[in-house]
Amino acid sequence: MLLEIENLSLHYGRIQALHGISIEVGEGEIVALIGANGAGKSTTMRAISGLRMPSSGKIRFAGHDITRERADRRVVRGISQSPEGRGIFPGMTVLENLDMGCYTRKDRAGIKEDLERVFGLFPRLSERRKQVGGTMSGGEQQMLAIGRALMARPKLLLLDEPSMGLAPLLIQQIFTIIEEINQQGTTILLVEQNAQQALSRAHRAYVLETGQIVKTGTGAELLVDPKVKDAYLGVA
Amino acid sequence: MQFEYWLDNFWSLTVGGLTQGAIYALVALGYTLVYGVLRLINFAHSEVFMIGTFAVPIAWTAIGYGRDAHPSGLGSVVLLFAVGLIAAALASAATAMLVERVAYRPLRPKNPPSLIFLITAIGASVVLSEAVGLLVKRKPMGAMTLIQPKEVFTIFGTSVDNVQLLVVGAAIGMMLLLDQFINRTRAGRGVRAVAQNPDAAALMGVNRDRIILMIFMLGGIMAGGAALLYMIKVGSTKYDAGFLLGVKAFAAAVLGGIGNLRGALLGGLLLGVVENWGAGLIGDKWIDATAFVVLVVILMFRPTGLLGESLGRARA
Ligand SMILES: Nc1ncnc2c1ncn2[C@@H]1O[C@H](COP(=O)(O)OP(=O)(O)OP(=O)(O)O)[C@@H](O)[C@H]1O
Ligand SMILES: [Mg+2]
C-alpha cells in the first residue's frame, strides 16, 4: 500500500472531526472519498498532507510512519495536495505559482519536462503564463492549483474538490485529465461532491459520514448501491 | 509660525530630513517584513536597532579605534565602515532571531489571539532595553567620528555633505539588495508564498519556521545597517535610543503601507522630511508631534498607507 491510514482521529479544539477512520490507497489507484458537507473529507486531506496533526491513529506513506511529520517534509516524500478552494498565491503569476510547485526540486531537466506536461494538460495556463493568479477566473485558478500540485511530480496526488465551481463541460474535462494523470503513473486520492463523476472514474471509494467511514467498495459497486444512490447521487 | 525661516531653509531642511528618513526607512523594513509574513507588530524591533548601535563602538574599540581615534585615509575608513556594518548586522540579526525563537515561536502552535503576541512583543522590548540599560549602567556610549562632514556639492544654495550622501546612499543600496533578494531568489519566493498563503506554502514544501526565522534575520540586518548609519551621523547611543526612533520607523512603515517593502522606503523618507519641515515651520520641539500628526492625517485619507498593498499582495 502506498498510503495507509489507521484508526485516525482528529480534533479542532473540542470538536472531533474524525472518529477513527481507516483508509488505504494502493500504488496506481484512483481512490475517491465522498460524503456530505462537513463529513470530514477536507480534514482527512489536511491530516495526510500535514496541515493538521491528528489526535490519535497512524498515517503511513510508502512504509514510513509520517503521522507527526512536518508538512514540508511530506512534500519531499512525494505527497502533493491541491487544496479545497484552490489556495493559489494571488500575487504571483501563473508561472511563479507553478514554480512554487517545484520548490523542493532541483532537477532542472525534469522540471522543464513537467512544465511542458502541465501546459499540455491545461493549454489555458500556457496562454496565461504572465497573468497574476488572483485575477484568473475560478476555473482557471482550479487548473492552476492542480497544475501546481503536479509540478512536485508527486507519488500521491491529493485533489480536494477539483470540480468545484467549474462549468459542466469543464467538469467532464477535469475528470478526463485526472484519469490521464493517473494513467501517466500518479496515484490519486480524490475528494468530490460530484459523486457520480468521482465514482465512475475511481477504482475504489470510501463514504464518509460525520467523521466515520460508513461504506467502502469499488467505484462501480458504490454507483449502484441503493443507499449511496439515495444520499449522494440524487435522483439521477 | 516661522514661514519665512522655513522657506529660507527649505532645501537644508529637506536634505536633513531625507538623511534621517533613510534611517527610519531601514528600521521600518524590519516591522514591515515581520508584519507582511506574520501579521505581527514586532515591538521589540526598536531594541534590535538599539543593540546594533552599541555593537558599532564596541567593535571599533576592540580593533583599536576608541572614542578619540581619528581614522585617516580612505582605506581605513572603508575598512572601519565594513567592520561596523558586520558587527551591527550580526548583533541586530542575532537579537531579532533570539526574540523570534524565545518570544514568538513557542506560542505559534497554540494559535493564540494576536493580542497575546502583542503582549509578548512589548515584554521582549522592555526586557531587552532594561538588560542593556543595566549592562551599561544607563550611561550613553559614544563612538569615534568615522567621517568628518565635508561639503560635497550645493543644491539650491544648500550644501550637501559626505555623511548625508553616505547615509542616504547606503540605506537605499541595502534596500535594493533586500528587494532583489525577495523578488529574485528561491528563498525570497518562499517568503512571498508564506506571506500570501501560509497553508499553501506548506503544501509546496516551504518550511514556515525557517522562512520566519529568515525574515527576522533580514529585518535585523537592515536594522544593523541603520544602527551603523545612526552612529556615523549621531555619534552616540543610549539604552533607550531605540524607543522614539522605533516608534517613528513603525509609523513610517504604516505610512507607506505596512507589509510593503517599497512603502517602507517611501514612508521613511517622507516622514523624515515632513517632520523636519514641521520643526522648521513651528519650532524644533514640535518635530515629534509633527511626525504623528502627519501619520494620522494620511491614514484618515488612505487607511492602508500610501502604497497600500502588503507583502502578501505585492507582485515581484
Ligand atoms: N478550522 C476548523 N475549526 C473548527 N472546526 C472545523 C475547522 N475545520 C473544519 N471544522 C469542522 O470539522 C468538520 C469537518 O470539516 P471538513 O472541512 O473536513 O468537511 P468536508 O467533508 O470537507 O466538507 P465540505 O464538503 O463542505 O468541504 C466540520 O464539522 C467543520 O465544521
Ligand atoms: Mg471540504
Subject >> Residue under evaluation B:K233, criteria (1) within 18 Å of B:A96 (Cα to Cα); (2) open to solvent by 30 Å² or more (accessible area, probe 1.4 Å); (3) in a helix (DSSP H, G or I), criterion not met >> reply: (1)
**OP:** Taking the residues in region A:221-236 that are under 22 Å from A:E29 (Cβ atoms) and open to solvent by 70 Å² or more (accessible area, probe 1.4 Å) as candidates, determine which candidate is farthest from ligand 2 (Cβ to nearest atom).
**Re:** A:V224
Subject >> Within region A:7-113, helices (runs of 4 or more DSSP H) holding 2 or more residues that are out of contact with any Asp or Glu (no Cβ under 8 Å at 6 or more places or on another chain) and more than 10 Å from chain B (Cβ to nearest Cβ) >> reply: A:41-49, A:94-101
Original post:
Tell me, which residue of region A:183-196 that is more than 16 Å from ligand 2 (Cβ to nearest atom) and out of contact with any strand residue (DSSP E or B) (no Cβ under 7 Å at 6 or more places or on another chain) is farthest from A:P154 (Cα to Cα)?
Top reply: A:Q196
**OP:** Identify, from the list A:Q131, A:Q172, A:Q141, the residue that is over 14 Å from the mean Cα position of the chain (by Cα) and at pLDDT 95 or above.
**Re:** A:Q131
**OP:** Mind counting the residues in region A:18-38 that are surrounded by fewer than 22 Cβ atoms within 10 Å (Cβ to Cβ) and within 9 Å of ligand 1 (Cβ to nearest atom)?
**Re:** 3
Original post:
Name the pairs: first residue in region A:165-191 and in the same structural domain as A:L2 (by TED's automatic domain parsing) and open to solvent by 20 Å² or more (accessible area, probe 1.4 Å), second residue within 16 Å of ligand 2 (Cβ to nearest atom) and among the polar types (S, T, N, Q), Cβ to Cβ under 6 Å, at least 6 apart or on different chains?
Top reply: A:I171/A:S163
Original post:
What is the number of the single condition among (1) more than 16 Å from ligand 2 (Cβ to nearest atom); (2) within 14 Å of another protein chain (Cβ to nearest Cβ); (3) in contact with a Ser or Thr (Cβ under 8 Å, 6 or more places away or on another chain) that A:L158 does not meet?
Top reply: (1)
Original post:
Consider A:Y206 against the criteria (1) within 14 Å of ligand 1 (Cβ to nearest atom); (2) surrounded by fewer than 19 Cβ atoms within 10 Å (Cβ to Cβ): it satisfies all of them except one. Which criterion is unmet?
Top reply: (2)
**OP:** List the number of the failed condition for B:S310; all other conditions in (1) at pLDDT below 95; (2) within 26 Å of B:I51 (Cα to Cα) hold.
**Re:** (2)
**OP:** Name the single residue, out of those in region A:209-219 being more than 18 Å from A:I177 (Cβ to Cβ) and in contact (Cβ under 8 Å) with a residue 24 or more places away in the chain, that is least open to solvent (accessible area, probe 1.4 Å).
**Re:** A:G211
Original post:
Which of the residues spanning region A:191-236 are part of a loop (DSSP other than H, G, I, E, B) and touching a Ser or Thr at 6+ places or on another chain (Cβ under 9 Å)?
Top reply: A:Q193, A:N194, A:A202, A:H203, A:G211
Original post:
Would a scan of region B:143-164 turn up a residue that is among the acidic types (D, E) and under 28 Å from B:S12 (Cα atoms)?
Top reply: yes
Original post:
Which is open to solvent by 60 Å² or more (accessible area, probe 1.4 Å) and within 25 Å of A:L222 (Cα to Cα), of A:M53, A:M1, A:M45?
Top reply: A:M1
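Every residue, every condition in (1) touching a Gly at 6+ places or on another chain (Cβ under 6 Å); (2) at pLDDT below 95; (3) more than 16 Å from ligand 2 (Cβ to nearest atom), yes or no:
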position: A:L3; (1), (2), (3): no, no, yes
position: A:E24; (1), (2), (3): no, no, yes
position: A:A36; (1), (2), (3): no, yes, no
position: A:A47; (1), (2), (3): no, no, no
position: A:G57; (1), (2), (3): no, no, yes
position: A:Q81; (1), (2), (3): no, no, no
position: A:P90; (1), (2), (3): yes, yes, yes
position: A:L95; (1), (2), (3): no, no, yes
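The values are calculated or read from the model by the stated rules, or taken from the named source; none is laboratory data. The structure displayed is predicted, hence computed values, not measured ones. So basically every Cβ, Gly included, is an ideal-geometry build from the backbone, and we count neighbours across all protein chains shown. With ligands, DNA and RNA removed, areas are computed over all heavy atoms of the protein, side chains included. Shrake-Rupley method; radii C 1.70, N 1.55, O 1.52, S 1.80 Å.
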